[in-house]
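Undergrad: Before we start, here is the structure in question, set down as structure tokens.
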Amino acid sequence: MHDLDIRYTNDYETACRLRDAGYEPVECAFGQHGSVMGRFDLDHHGAESHREGVALRACRDHYGALADDPRFVVTGTPDADAVLAIVALSARVPAARIPADFYALVDEHDTDPIGKDLLATEQGLRLAWFNQRPGLYQNADGFRKAIGHMETLLRGEVSRAALDKVHRADMARRNKAAEGVSAIYDGRAVELDMPDDAMTRPVLRGDLAVGSRPRVAVVHCAVWGFDVWYRLAPVVVSYASRMAKVTVGCPDTDTAERLFGAGGLANVWPALGKGWGGRGTIGGSPRGQRLKAGDAGRTALELLDLLIV
Ligand SMILES: [Mn+2]
């Protein structure tokens, strides 16, 4: 097997130079510069978002295509999508060890991480094991570690006990996320009770979002919990005390546009004040400005006034 050569960069020009020298870019998106594309067009962000995910295409269409020349240029987080793509292109594990239901799930979870319960299936649990690995930092070492974890996983070397531990850890995270909900408001700013089926009720998106009585949830929580919170309200205002920052989110573009009009949350940033911003589905308070916990509640009430349905 040829040695993997992984180059990490946060610089668009460097990624272009490495691409021209024969390194295959995988998910090399650089904001306003756009994506650096190689022989296999392995990105699906921004201007490339019409393309299918990279692991899906690498596993299905290009397995082993770079086995003799496994040189890659990467950026950002070593997530399962990018890492699995590299493992498949370079044939680091036999193709039979990468079942279609696993790479399809990696793809699905990459493009829409909300509302898919990873703990519900064996392949999901395996993906959750990968996602829970510590040390998956945004650098070359993080990518090498992540590739090693993915290989271990695909070779079937993760024990039942380790997978069970992942299950318990994620249930603990979900419980913490639910405990972190401090208020759920309906359209008239009446506070609603926490439902008994918070963990199992469907995500409030699309028609469900428009028809639901809960409108906005306010959370104060140290763990990531949008998969839980969007079951409680289609708009989530989250306060992170460590960052002293307020984040506003909707589960997807369609839902955000139904609730706030074309452009989704882009309509609310100017109304929330100077410096607020982000994308159509998620964003938050001005960079570098420290907010107080109470600002999340105030933001939630302002959002109620901006809903168009
Ligand atoms: Mn991806």
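Undergrad: Nearest 10 degrees, 0 to 90: what angle lies between the long axis of helix 122-131 and the longest principal axis of the chain (Cα atoms)?
TA: The answer is roughly 90 degrees.
Undergrad: Another one. For the pair LYS116 and ARG298, how long in nm is the line joining their label points, each one 7 Å along Cα→Cβ?
TA: Each label point is offset 7 Å from its Cα along the Cβ direction, giving 3.9 nm.
Undergrad: Right, here's the next one. If you average 1/r over all unlike Cα pairs in region 137-237 and invert the result, what Kirkwood radius do you get in angstrom? Intermediate results must be reported in sequence, preceding the final value.
TA: Numbers: mean 1/r = 0.0632 Å⁻¹.
Roughly 15.8 Å, rounded to one decimal.
Undergrad: On to the next question. Calculate, axis by axis, the spread of Cα positions in region 5-158 along the three principal axes, and write the results as whole Å, longest axis first.
TA: Rounded to whole Å, the extents work out to 42, 33, 30 Å.
Undergrad: Another question about this same structure. On a 0 to 90 degree scale, rounded to 10, what angle separates helix 100-111 from the longest Cα axis of the chain?
TA: Its long axis makes an angle of about 50 degrees.
Undergrad: Then there is this: Return the lysines within reach of LYS245: Cα separation strictly under 30 angstrom, same-chain partners fewer than 8 residues apart disregarded; answer none if there are no such residues.
TA: Correct list for LYS245: LYS116, LYS176, LYS274, LYS292.
Undergrad: May I pose another question? How high is the relative contact order of region 106-258? Use alpha-carbon pairs under 8 Å, at least six apart in sequence, and give a whole percent. Present the calculation step by step, with values, prior to reporting the outcome.
TA: Details: 207 pairs, mean separation 28.3, N = 153.
Once divided by the residue count of region 106-258, the mean separation gives 18 percent.
Undergrad: List the trypsin sites (Lys or Arg not before Pro) within region 137-189 that DSSP assigns to loop and that have no more than 14 neighbouring Cβ atoms inside 10 Å. Before the final figure, lay out the partial values.
TA: On the way: sites: ARG144, LYS145, ARG155, ARG160, LYS165, ARG168, ARG173, ARG174, LYS176, ARG188; in loops: ARG155, ARG188.
Answer by residue number: ARG155, ARG188.
Undergrad: May I pose another question? Can you check what the net charge comes to around GLY34, using other residues whose Cβ is under 12 Å from the Cβ of GLY34 (Lys, Arg +1; Asp, Glu -1)? Intermediate values should be presented prior to the final figure.
TA: Details: positive: none; negative: ASP43, GLU48.
So the surrounding residues net to -2.
Undergrad: In addition: What does the charge add up to near ARG188, with Lys and Arg as +1, Asp and Glu as -1, over the other residues with Cβ less than 13 Å from its Cβ?
TA: Working: positive: ARG213, ARG215; negative: ASP186, GLU191, ASP305.
Around ARG188, the surrounding residues sum to -1.
Undergrad: Going by alpha carbons, how many degrees (0 to 90, nearest 10) lie between the helix axis of 160-179 and the longest principal axis of the chain?
TA: Orientation of helix 160-179: about 20 degrees from the principal axis.
Undergrad: Just add up the charged neighbours of VAL237: K/R +1, D/E -1, any other residue whose Cβ is under 10 Å from the Cβ of VAL237.
TA: Values: positive: ARG298; negative: ASP295, GLU302.
Net charge in that neighbourhood comes out at -1.
Undergrad: What percent does the relative contact order of the chain come to when contacts are Cα pairs within less than 8 Å and at least six residues apart?
TA: 11 percent
Undergrad: Follow-up. Quick check: the distance between the Cα centres of region 219-236 and region 180-209, to the nearest angstrom?
TA: When both Cα centres are located, 10 Å separates them.
Undergrad: Take the alpha carbon atoms of the chain, find their radius of gyration, then divide it by 2.2 N^0.38 Å using N residues; give the quotient.
TA: Details: Rg = 20.7 Å, N = 309, 2.2 N^0.38 = 19.4 Å.
Taking N as the residue count of the chain, the ratio is 1.06.
Undergrad: Once the piece of chain linking ASN175 and LEU192 is laid out straight, how much longer is it, given 0.36 nm per residue of separation minus the C-alpha distance between them? Each step should come with its number before you reach the end.
TA: Working: separation 17, 0.36 × 17 = 6.12 nm, distance 1.90 nm.
Gain on stretching ASN175 to LEU192: 4.2 nm.
We did not get these values from a lab; they are worked out from the coordinates using the rules stated. As the structure is a prediction and not an experimental result, all values here were calculated from the model. Cβ: placed from backbone, ideal geometry, glycine included. Neighbour counts: every protein chain shown.
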